[in-house]
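A short write-up of the structure that comes next.
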Amino acid sequence: MKAGIHPDYHIVVFHDLSANTYFKVGSTIKTDRTIEVNGENWPYVTIDVSSASHPYYTGKQKAFSKEGSTARFQQRFGRFIGSNK
């Protein structure tokens, strides 16, 4: 690798604020903030969403029916409409 052209790669602590979870990950992000973890100081970055809080990864996402709204209506209320004949 050519010297002096690559960004500084180091361990950074990311804090997911919505899940209150900490991750130690290698990154090239620059920050002035630090946090002490297990007696060592690490660069510190706060984030809003991570795999610990994103609905796709947690499985708490809202599942939509693959049917249309008319089919859902018929499924829920079709027995009332058909009984008036």
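Every number here is computed from the coordinates shown, using simple stated rules; none is lab data. Worth saying up front: this structure is predicted, and the values here are computed from it rather than measured.
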The answer for V37, listing residues at least 5 apart or on another chain whose modeled amide H is closer than 5 Å to its amide H, is W42
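Give me the extension gain from A71 to S51: residue separation times 0.36 nm, minus the current Cα-Cα distance, reported in nm with one decimal.
On the way: separation 20, 0.36 × 20 = 7.20 nm, distance 3.43 nm.
Here the answer is 3.8 nm.
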Under 5 Å between amide hydrogens, which residues at least 5 positions from T21 or on another chain qualify, with H placed 1.01 Å from N in the peptide plane? D16
